[in-house]
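Structure record follows, encoded as structure tokens.
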Amino acid sequence: MIDIKLVRENPNGVRQGAAAKNVDVDIDAILKLDSERRRLIGESEKLKADQNRASDEISKEKDAAARQAKIAVVKESKEKMKALESELQAAEAALDKALRLIPNLPRPDVKIGKDDTFNYVIRSFKEPTKFGFEPKDYMTLGEALDIIDTERAAKVSGARFGYLKGDGAMLEFALVQYALHLLAAEGFTPVVPPVMVGERAMAAMGYLDRGRDEIYRLQEDNLYLVGTSEQSIGPMHMDETFREAELPRRYVGFSTCFRREAGSYGKDTRGILRVHQFDKLEMFSFTVPEKSDDEHLKLLALEEKLLQGLGLPHHVLGICSGDLGDPAARKYDLETWIPSQKTYRETHSTSTCTDYQSRRLNIRVRRDDGRMEFVHTLNGTAFAIGRIIIAIIENFQQADGSIEIPAVLAPYMGGKTHIRPA
């Protein structure tokens, strides 16, 4: 959530920042709501002061008739106060609702652009994989090796589901172990979070104001299924205050995630690239504001380190303002080469959300000098596991239809170097 003080002090800057994300915000209406709220607070405080003064006079009043008259005045004042408090609550609710519709503002270094066509390549790792034979797509290979089964999954669950079997399942857990081993050494605490979260937690993370149609909701329980671990890791410290020495606090969460894939009808319907259920490892950091830009670069560097360890060709994209979600102030994507599609596909992203989420979650840090501030929150993909498995299968396929296992994963695969037909 944006600080109302920022809206008051720099309304044009907020308006322009929202517009850069293709969001039209009525700043004048918000300022009017804020003005009304402040007026009601002023009236309320004056009434309270008058009541306190009148109560003090009543306790000193000797004349019974005068005393009763003053008591009647105080009673009338309390009725006014009750009505005023009701107005104030309504005004605060209206202002809060309006502020929640303002997206986080892009950081100054973010490229202004309307959509993903304005995203740009920052750097690349390795050339696209070349083969001395005609390469196959991952589903052809996965089905032949009996490690991916979407046909039976469709029979059980419908479209956009899949089974990972045998060495396919082993490959998933090898990726998990590889990432956890690397990230634990970098100070990340592993966590397996809940995959169902309440209304306040999901709303506070900034995913319900827009994009609600992507989220699965269990209506009877008023719970939401997470689309990424960050949606349940961020609220872990809701209504808490860190000491400055406790930051940065870093987590890496492993969870099954769920997305409706609304609006993607006909896209990647075959296979496991765009599915309703997938497993993911997600990094999440809480840090002091002045160190959040460095933390963002750290998350990006770790994503690159994980991919480079696997030896997968990829590039880093800078994401323009119009392609940022509501909570993100800056975002980088990593796209990995998929030979069968002859293109790079997104496998990782990392965003800084500044204090946008922590304001809603009420997560603060008490500085060493006693000051209280909202922390900054950041997230970054360690592995969207299904997509990395796709990239491994396609980039490491051999002429005989086997899959070479990246060397860093072999220790977690019992020393196996290839996935071969049974």
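Filtering segment 138-151 down to residues that are out of contact with any Gly (no Cβ under 8 Å at 6 or more places or on another chain) and modelled with pLDDT of 95 or more, which residue is farthest from S340 (Cα to Cα)?
Taking segment 138-151 and keeping what is out of contact with any Gly (no Cβ under 8 Å at 6 or more places or on another chain), we get 140, 143, 151.
Checking the rest, the ones that are also modelled with pLDDT of 95 or more come to 140, 143.
On the way: T140: 11, E143: 15 Å.
Among those residues, the one meeting the criterion is E143.
Suppose we filter K114, K97 for residues that are more than 30 Å from E36 (Cβ to Cβ) and either in contact (Cβ under 8 Å) with a residue 12 or more places away in the chain or out of contact with any Ser or Thr (no Cβ under 6 Å at 6 or more places or on another chain) (or both); which single one remains?
On the way: K97 fails: more than 30 Å from E36 (Cβ to Cβ).
Selected residue: K114, the only one of K114, K97 that is more than 30 Å from E36 (Cβ to Cβ) and either in contact (Cβ under 8 Å) with a residue 12 or more places away in the chain or out of contact with any Ser or Thr (no Cβ under 6 Å at 6 or more places or on another chain) (or both).
Given the condition of a type outside the set (G, A, S), in the same structural domain as I390 (by TED's automatic domain parsing) and on the phi > 0 side of the Ramachandran plot, answer yes or no: does some residue in segment 153-174 qualify? Outline the logic, then answer.
At the first step, the residues of segment 153-174 found to be of a type outside the set (G, A, S) are 155-156, 160-161, 163-165, 167, 170-173.
Still in the list and also in the same structural domain as I390 (by TED's automatic domain parsing): 155-156, 160-161, 163-165, 167, 170-173.
Going one step further and asking which of them are on the phi > 0 side of the Ramachandran plot, we end up with 160.
Yes: one or more hits.
Can you run down the residue pairs with Cβ atoms below 6 Å, 6 or more apart or on separate chains, where the first is in segment 242-256 and in the same structural domain as V191 (by TED's automatic domain parsing) and part of a strand (DSSP E or B) and the partner is of a type in the set (S, T, N, Q) and at pLDDT 95 or above?
Here the result reads R250/S285; Y251/T189, each pair linking segment 242-256 to a residue that is of a type in the set (S, T, N, Q) and at pLDDT 95 or above.
From the list N362, N379, pick out the single residue that is on the phi > 0 side of the Ramachandran plot and assigned by TED's automatic domain parsing to the domain that holds V275.
Numbers: N379 fails: on the phi > 0 side of the Ramachandran plot.
Checking each option against the conditions leaves just N362.
Please pick out the residue among N22, N10 that is surrounded by 12 or more Cβ atoms within 10 Å (Cβ to Cβ), out of contact with any Ser or Thr (no Cβ under 9 Å at 6 or more places or on another chain) and within 30 Å of D209 (Cα to Cα).
Criteria check complete, one pass: N10.
Starting from segment 212-237, take each residue that is farther than 14 Å from R200 by Cα and list its partners that are hydroxyl-bearing (S, T, Y) and modelled with pLDDT under 95, counting only C-beta distances under 9 angstrom and pairs at least six apart or across chains.
Qualifying pairs under 9 Å: E214/Y207; I215/Y207; G227/Y207; G227/Y216.
Given the criterion surrounded by 20 or more Cβ atoms within 10 Å (Cβ to Cβ) and of a type in the set (S, T, N, Q), identify the matching residue among T150, T241, T140. Steps first, answer last, please.
Values: T241 fails: surrounded by 20 or more Cβ atoms within 10 Å (Cβ to Cβ); T140 fails: surrounded by 20 or more Cβ atoms within 10 Å (Cβ to Cβ).
Residue meeting the stated conditions: T150.
Collect the residues in segment 275-316 that are over 14 Å from T377 (Cα atoms), surrounded by fewer than 23 Cβ atoms within 10 Å (Cβ to Cβ) and either out of contact with any helix residue (DSSP H, G or I) (no Cβ under 9 Å at 6 or more places or on another chain) or not assigned by TED's automatic domain parsing to the domain that holds M372 (or both), keeping them in residue-number order.
L300, A301, E304, Q308, H315
What pairs come out if I take residues in segment 353-378 that are under 23 Å from P108 (Cα atoms) and pair them with residues that are assigned to a helix (DSSP H, G or I) and among the acidic types (D, E) whose C-beta lies under 8 Å away, six or more apart or interchain?
H376/E295; L378/E295
Just checking, does segment 91-98 include any residue being over 21 Å from Y207 (Cα atoms) and modelled with pLDDT under 85? Give the derivation first.
Step one: list which residues in segment 91-98 are over 21 Å from Y207 (Cα atoms), which gives 91-92.
Checking which are modelled with pLDDT under 85 leaves us with none.
No, segment 91-98 contains no residue that is over 21 Å from Y207 (Cα atoms) and modelled with pLDDT under 85.
If you check R15 against the conditions, is it charged (D, E, K, R) and closer than 30 Å to R330 by Cα? Let's see the steps before the verdict.
Values: charged (D, E, K, R): yes; closer than 30 Å to R330 by Cα: yes.
Spelling it out, R15 is indeed charged (D, E, K, R) and closer than 30 Å to R330 by Cα.
Being out of contact with any Cys (no Cβ under 9 Å at 6 or more places or on another chain), on the phi < 0 side of the Ramachandran plot and in contact (Cβ under 8 Å) with a residue 12 or more places away in the chain narrows it down to one of A19, A29, so name that one.
Numbers: A19 fails: in contact (Cβ under 8 Å) with a residue 12 or more places away in the chain.
The conditions single out A29.
Suppose we keep only residues that are among the polar types (S, T, N, Q) and buried (at least 20 other Cβ atoms within 10 Å of the Cβ) within segment 337-361. Which one would you say is nearest to T140 (Cα to Cα)? Walk me through how you get there before you give the answer.
So in segment 337-361, the residues among the polar types (S, T, N, Q) come out as 340-341, 343, 347, 349-352, 354, 357-358.
Remaining after also requiring buried (at least 20 other Cβ atoms within 10 Å of the Cβ): 347, 349-352, 354, 357-358.
Numbers: T347: 21, S349: 28, T350: 31, S351: 34, T352: 38, T354: 43, Q357: 42, S358: 45 Å.
Filtering segment 337-361 for residues that are among the polar types (S, T, N, Q) and buried (at least 20 other Cβ atoms within 10 Å of the Cβ), the one nearest to T140 (Cα to Cα) comes out as T347.
Would you mind stating whether K48 is modelled with pLDDT under 90 and in a loop (DSSP other than H, G, I, E, B)? Show your work before the answer.
Working: modelled with pLDDT under 90: yes; in a loop (DSSP other than H, G, I, E, B): no.
Spelling it out, it is not the case that K48 is modelled with pLDDT under 90 and in a loop (DSSP other than H, G, I, E, B).
Among the residues of segment 84-92, are any more than 30 Å from R212 (Cβ to Cβ), in contact (Cβ under 8 Å) with a residue 24 or more places away in the chain, surrounded by 13 or more Cβ atoms within 10 Å (Cβ to Cβ) and not acidic (D, E)?
yes
When you scan segment 101-119, how many residues do you find that are among the aliphatic types (A, V, I, L, M) and surrounded by fewer than 18 Cβ atoms within 10 Å (Cβ to Cβ)? Can you show your working first?
Kept after step one, since they are among the aliphatic types (A, V, I, L, M), are these residues of segment 101-119: 101-102, 105, 110, 112.
When the remaining residues are screened for being surrounded by fewer than 18 Cβ atoms within 10 Å (Cβ to Cβ), the result is 101, 112.
Of the residues in segment 101-119, 2 are among the aliphatic types (A, V, I, L, M) and surrounded by fewer than 18 Cβ atoms within 10 Å (Cβ to Cβ).
Does R249 fit the bill of being modelled with pLDDT under 90, surrounded by 14 or more Cβ atoms within 10 Å (Cβ to Cβ) and basic (K, R)?
Working: modelled with pLDDT under 90: no; surrounded by 14 or more Cβ atoms within 10 Å (Cβ to Cβ): yes; basic (K, R): yes.
For R249, the condition - modelled with pLDDT under 90, surrounded by 14 or more Cβ atoms within 10 Å (Cβ to Cβ) and basic (K, R) - is not met.
The values are calculated or read from the model by the stated rules, or taken from the named source; none is laboratory data. In this text, all values refer to a predicted model and were calculated from it rather than measured experimentally. No Cβ is skipped: glycine too gets one built from the backbone with ideal geometry, and neighbour counts run over all protein chains shown.
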